[in-house]
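In what follows, a single structure is set out as structure tokens and then discussed.
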């Protein structure tokens, strides 16, 4: 029987075959959507059969091995994500892969910045931080640029000082999303923010907005502001 594998499944097997060092270099040139898709398969792998191994390597014009791969996919994935993307990005991607239902966040990502900004303008800053933490940095930067300064600064402060959220906070977010966007629910706690994510977002906003946000952070918590500055453009 012919083995049917998707492109992402093949990519996951190939990353295992080429070893950690080469896999890290591959991940550095992929976007986060592809990393998440590949990671979903890679994280679930425990053993790769000999036939699958041989087929994937043949497609990439490599010599087939005589034995299958025996790996702990999640451990391997964690290592190469940390090496390729840094601790903060790796933590968020791994956390999103551990969430049982991501349909809500995926739908949210398809909305334009103005629509999400309108939603955040009337929500609690903590809710805004949770939402922005699940978007790509450039998308989050566009949204921040559309918010009033006081709301923007409050959201960024909570984003910088909150690295993990409880199931109760996620339930609150899911309630908001279900009401406003008719999305599904999620029950797992996830890692969301931290100074690394704030630094990524600020790297994408206009210089004057960046300065205003850092000044506001400095007023509330100089140590947090310094940590964000230290991670920008790294």
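Please treat every number below as a calculation from the coordinates, not as lab data. Since the structure is predicted, the reported quantities are computational estimates derived from the model, not experimental observations. For neighbour counting, all protein chains shown are included, and Cβ atoms are generated from backbone atoms with ideal geometry for every residue, glycine included.
Numbers at a glance
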read-out: Spin-label model distance (nm) - residue 109 vs residue 149, 7 Å beyond Cα toward Cβ; value: 3.4
read-out: For a label point 7 Å along the Cα-to-beta-carbon line of residue 206, residues of the range 108-138 with backbone N under 18 Å; value: 113-115, 117-118, 138
